[in-house]
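Working notes for the structure below.
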Amino acid sequence: MVTETSMTDSSAYVAFDGVQKSYDGKTLVVKDLNLKIEKGEFVTMLGPSGSGKTTCLMMLAGFETATHGQILLDGVSINNIPPHKRGIGMVFQNYALFPHMTVGENLSFPLEVRGMDKSTRQDKVQRALDMVRMGEFGSRRPAQLSGGQQQRIAVARALVFDAELVLMDEPLGALDKQLREEMQYEIKRIHENLGVTVVYVTHDQSEALTMSDRIAVFDDGRIQQLAGPSELYEKPETSFVAQFIGENNKFTGRVEELVGDVAHVSVGDTTIKALAVNCGGKGDLSQLSIRPERVTIGELGDNVVDAKVCELIYLGDHIRCRLDVLGNDEFVVKVPNASNQKVPEVGGETSISWSTQDCRALDHAEVAA
Amino acid sequence: MALPPYASTGQKFWHYSFRMLCAVIFFFLVAPIFAIIPLSFSGGEYFTYTEEMLTFSDGAYSLKHYEDALTNPEWTTAVWNSFRIAIPATMIAVTLGTLAAMGLSQSHVPGRRAIMAILISPMIVPLIISALGMFFFYSQLGNFLEDTVGLSQGLVEYIKVVLAHSVLGVPFVIITVTATLVGFDRSLTRAAASMGAGPVRTFFKVQMPLILPGVISGALFAFITSFDEVVVITIIGSQKVQTLPWQMFVGLREQISLTILAVATMMVILSILLLATLELLRRRNERIRGLTPG
């Protein structure tokens, strides 16, 4: 995981500096974006549709212009450089292979543009095809390939001209689940082998968690949190991130007092102690977030509350319990299927508990539905 | 379409009467064109089917009208003029129409529907009205070219007709090219740009090959429009630029010769060939489309 502190201005390969984007002159699609990406990093822009992530990628590629702010590549502003002079490789969601050319001609195209002679082109094309394990397919047409094969060709084409920065716009969105997972490892492997910088856009959180060095979670035109996968999952800083990444149990309450880094939050008549992360001050509304696997049945942790069991779903390695806790009947607990584990019964009453460190008091946002 | 085994009497009746109806409509559309074809092989000189022709007696049929059409300087000049005008008019129409279609297919162009409507209007406005407008407009242009630039009268007549026919051909090119651009994946041009290709290279290497079927069918329509056109040419043309249709029109009025029918038959065959080409292109286009990813 790359830490925040290692990022300095001089080492940033790609930098968004106060970038804003508006299509109609009124609403900002991207609001004050600041993001620094180091050379060789795999950074994912993750967010729901309409969050501005694709717009950011398109601005970096040069297909959209920033309304305000600077985009720097290797320390040089590229705002006024047209897309075809940026030398950035790109993989599109629908692959965008040229249907009238063979696979080999598709890969050869960027090399012809660069005026390379025929034998150099053939060498590079073959090497790129071998890299994505498609060495035999040079003379096929894109339409004769399956979706996964087309995707490999699209990746090879973005890398064949030795681009140091490769952008990927939801490249696996059109593939089925199994192929998608396979391609995730494939892209990850290529990234590690070549050491290229990758900026990847997706709305699929598991894809982001699997592949990325760092993930920028986008919502409403802003980066909500920029962190490595484990930090993002375990230490979400906003209620949006807590809700968007992984499964999340939430309560809305009012902050009664702050004791050190512990917030006492009243939910109904009960006071819950939580880690004060982003909850404002005394009297503010706060959303509490607890991961289902950090809650235990029984009275073990710092916070103990009563719960009514609504539903049990048997999943083999664990049992998923849906509980009614403090008026929230969507509260989920994952009970491990262990020999000494007491499993509650549907309709029964039980106590659940969790540790203060695992319950995070975050901002109160209505949008996180 | 075969009749299903469960068809009721009413459905059977409709099934067969529908076929009859189709045959009648087809006959109604095509018969007048085919009526002239046997007549063009007539051994006589008149616009009627003679007794001899109906009984297939000796000398009832001959190729003499075709011979006349292909050797008589009046007709050969007309053929030459038709091609001499149709080919450059088609090229101008294709260039302008393709550029216009590409521009108008970009969503950010303001008032593109209005512009499109104006560019298409030569196809909708009655030809006689366009022709009159062109007459006044091009007579000014003609005077300028003759008096100020000093071009010969024949050349000026020629330029005027070529320009007028280009205008008539542009709408066809715009429509066919716009139709192919509708299915054109914009990410292809973006992909080309991301690989370093400038706009010109992208156009010729990526966009053009994919919209080519539309461009070619537009070109064929523009060519036929110029080749068949009789109203504009009679109004703004002159003796020096008489085309085939013009010659036929004048011929009908002044000397009713069966050579006209021989020429007409040849034009029908040319049109059928062009339309067949069009159909083959359309199929090829569909094949490429069907295979495009995504």
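Quick one: is B:Val215 crowded, with 19+ Cβ neighbours inside 10 Å, within 25 Å of the chain's Cα centre (by Cα) and hydrophobic (A, V, I, L, M, F, W, C)? So that I can check it myself, show each step before the final result.
Values: crowded, with 19+ Cβ neighbours inside 10 Å: yes; within 25 Å of the chain's Cα centre (by Cα): yes; hydrophobic (A, V, I, L, M, F, W, C): yes.
The answer is yes for B:Val215.
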Please state which of the following conditions A:Gly246 fails to meet, knowing it meets all the rest: (1) under 28 Å from the mean Cα position of the chain (by Cα); (2) under 25 Å from A:Gly347 (Cβ atoms).
(2)
Of the residues in the range A:69-88 that are part of a loop (DSSP other than H, G, I, E, B) and facing chain B (nearest Cβ under 7 Å), the one that is farthest from the chain's Cα centre (by Cα) is A:Gly87
Restricting attention to the range A:95-108, which residues are surrounded by fewer than 20 Cβ atoms within 10 Å (Cβ to Cβ), of a type outside the set (Val, Ile, Thr) and touching a Gly at 6+ places or on another chain (Cβ under 8 Å)?
A:Gly104
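Can you pull out the residues in the range B:61-99 that are among the β-branched types (Val, Ile, Thr) and either at positive phi or surrounded by fewer than 21 Cβ atoms within 10 Å (Cβ to Cβ) (or both)? Break it down into steps so the answer makes sense when it comes.
Residues of the range B:61-99 among the β-branched types (Val, Ile, Thr): B:71, B:76-77, B:79, B:85, B:87, B:90, B:92, B:94-95, B:98.
Answer for the range B:61-99, where residues must be among the β-branched types (Val, Ile, Thr) and either at positive phi or surrounded by fewer than 21 Cβ atoms within 10 Å (Cβ to Cβ) (or both): B:Thr71, B:Thr76, B:Thr77, B:Val79, B:Ile87, B:Ile92, B:Thr95.
Against the condition surrounded by 20 or more Cβ atoms within 10 Å (Cβ to Cβ), touching a Lys or Arg at 6+ places or on another chain (Cβ under 6 Å) and hydroxyl-bearing (Ser, Thr, Tyr), how does A:Thr197 come out, does it pass? Show your work before the answer.
Working: surrounded by 20 or more Cβ atoms within 10 Å (Cβ to Cβ): yes; touching a Lys or Arg at 6+ places or on another chain (Cβ under 6 Å): yes; hydroxyl-bearing (Ser, Thr, Tyr): yes.
Answer is yes for this residue.
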Please state which of the following conditions A:Lys188 fails to meet, knowing it meets all the rest: (1) within 13 Å of A:Val91 (Cα to Cα); (2) part of a helix (DSSP H, G or I).
(1)
Extreme residue, nearest to the other protein chains (Cβ to nearest Cβ), among residues of the range B:209-242 that are among the hydroxyl-bearing types (Ser, Thr, Tyr) and closer than 24 Å to B:Ala276 by Cα:
B:Ser217
Need pairs with beta-carbon distance below 6 Å; first residue farther than 12 Å from A:His100 by Cα and within the range A:136-152, second among the basic types (Lys, Arg); sequence gap 6+ or separate chains.
none
Could you check how many residues of the range A:113-130 are crowded, with 18+ Cβ neighbours inside 10 Å and either within 10 Å of chain B (Cβ to nearest Cβ) or farther than 17 Å from B:Met195 by Cβ (or both)?
1
The range A:31-50 - residue that is in a strand (DSSP E or B) and over 12 Å from the mean Cα position of the chain (by Cα) and, of those, nearest to A:Asp17 (Cα to Cα):
A:Asn34
Going through the range B:146-160 one residue at a time, which ones are of a type outside the set (S, T, N, Q) and surrounded by fewer than 15 Cβ atoms within 10 Å (Cβ to Cβ)?
B:Asp147, B:Val149, B:Gly150, B:Gly154, B:Leu155
Of the residues in the range A:170-185 that are in a loop (DSSP other than H, G, I, E, B) and over 21 Å from A:Met131 (Cβ atoms), the one that is farthest from the other protein chains (Cβ to nearest Cβ) is A:Asp176
Report, by residue number, each residue of the range B:156-199 that is hydrophobic (A, V, I, L, M, F, W, C) and either within 14 Å of chain A (Cβ to nearest Cβ) or over 22 Å from the mean Cα position of the chain (by Cα) (or both).
B:Val156, B:Val182, B:Phe184, B:Leu188, B:Ala191, B:Ala192, B:Ala193, B:Met195, B:Ala197
Out of all the residues in the range A:133-169, which are surrounded by 15 or more Cβ atoms within 10 Å (Cβ to Cβ), part of a loop (DSSP other than H, G, I, E, B) and more than 12 Å from every other protein chain (Cβ to nearest Cβ)?
A:Met134, A:Gly138, A:Glu164
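Take the residues of the range A:251-269 that are β-branched (Val, Ile, Thr) and more than 16 Å from A:His364 (Cα to Cα): which is surrounded by the fewest Cβ atoms within 10 Å (Cβ to Cβ)?
To start, the set of residues in the range A:251-269 that are β-branched (Val, Ile, Thr) comprises A:252, A:255, A:259, A:262, A:265, A:267.
From what is left, the residues that are more than 16 Å from A:His364 (Cα to Cα) are A:259, A:262.
Working: A:Val259: 10, A:Val262: 17.
Residue satisfying both the conditions and the ranking: A:Val259.
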Of the criteria (1) among the hydroxyl-bearing types (Ser, Thr, Tyr); (2) within 31 Å of the chain's Cα centre (by Cα); (3) farther than 21 Å from A:Gln184 by Cβ, which one A:Ser146 fails:
(3)
May I ask you to list pairs of residues, at least six apart or on different chains, whose Cβ atoms are under 6 Å apart, with the first in the range B:91-120 being closer than 23 Å to B:Thr225 by Cα and the second being of a type in the set (S, T, N, Q)?
B:Ile92/B:Ser166; B:Ala93/B:Ser166; B:Ala101/B:Thr178
Would it be correct to say that A:Phe63 is closer than 16 Å to B:Ser194 by Cα, surrounded by 15 or more Cβ atoms within 10 Å (Cβ to Cβ) and touching a Ser or Thr at 6+ places or on another chain (Cβ under 6 Å)?
no
When the range A:17-40 is examined, which residues are found to be under 17 Å from A:Met168 (Cβ atoms) and buried (at least 20 other Cβ atoms within 10 Å of the Cβ)?
A:Leu35, A:Ile37
Are any of the residues in the range A:89-105 outside any loop (DSSP other than H, G, I, E, B), in contact (Cβ under 8 Å) with a residue 12 or more places away in the chain and within 8 Å of another protein chain (Cβ to nearest Cβ)?
yes
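Read-outs throughout are calculated quantities, based only on the coordinates presented, and are distinct from any laboratory measurement. Everything numeric in this text was worked out from a predicted model, so none of it was measured. Please note: Cβ atoms are built from the backbone with ideal geometry, for glycine as well, and neighbour counts cover all protein chains shown.
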